[in-house]
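The next block holds one structure in the form of structure tokens; read it before the comments.
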């Protein structure tokens with residue numbers, strides 16, 4: 001009983017029991033490289049902006065990694081590798097016919113696959129953002145903040 005009570009106290013939510021602490025230096029070093037900030041830019045940006053961009057990049061990278069793993073488990077890694085650039089592209093910028101020829105499937109199938117990847121990516125992104133907020137009703141605001149941070153990085 002004593003050990004159980006001690007473990008329950010240690011893991012209590014109000015004491016941060018569900019929170020995983022990460023070393024700041026480790027986290028900064030592992031920020032996704034495709035959102036990396038040049039030395040020259042980082043000298044001009046306030047620390048809060050750098051933090052926000054790296055936070056947003058990390059959340060996006062985690063969602064993409066999870067989507068890639070899911071596709072791998074389902075034997076669809078090649079499809080993910082080919083179509084993942086479409087996740088962030090505008091619909092008009094996607095050459096469905098090019099992907100159709102490369103994958104050897106009808107264009108309608110490519111459109112369906114891209115749509116399915118986007119839907120799942122959005123869900124995974126919401127889950128990842130949900131891990132960073134206390135209440136589920138804060139997710140939408142945090143997603144808007146994430147988009148703003150990524151826009152600021154470009």
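The numbers here are math on the coordinates, done by the rules we state, and not lab data. Since the model is a prediction, treat every value here as computed from it, not as a measurement. Quick reminder, even Gly has a Cβ in these numbers, built from the backbone with ideal geometry, and neighbours come from all protein chains shown.
Structural remarks
- Anisotropy class of segment 47-154 from Cα gyration tensor, a/c 1.5 cut: prolate
- Ranking of 139, 105 by count of other Cβ atoms within 10 Å, fewest first: 105, 139
- Relative contact order of segment 47-154: 38 percent, from C-alpha pairs under 8 Å at least 6 residues apart in sequence.
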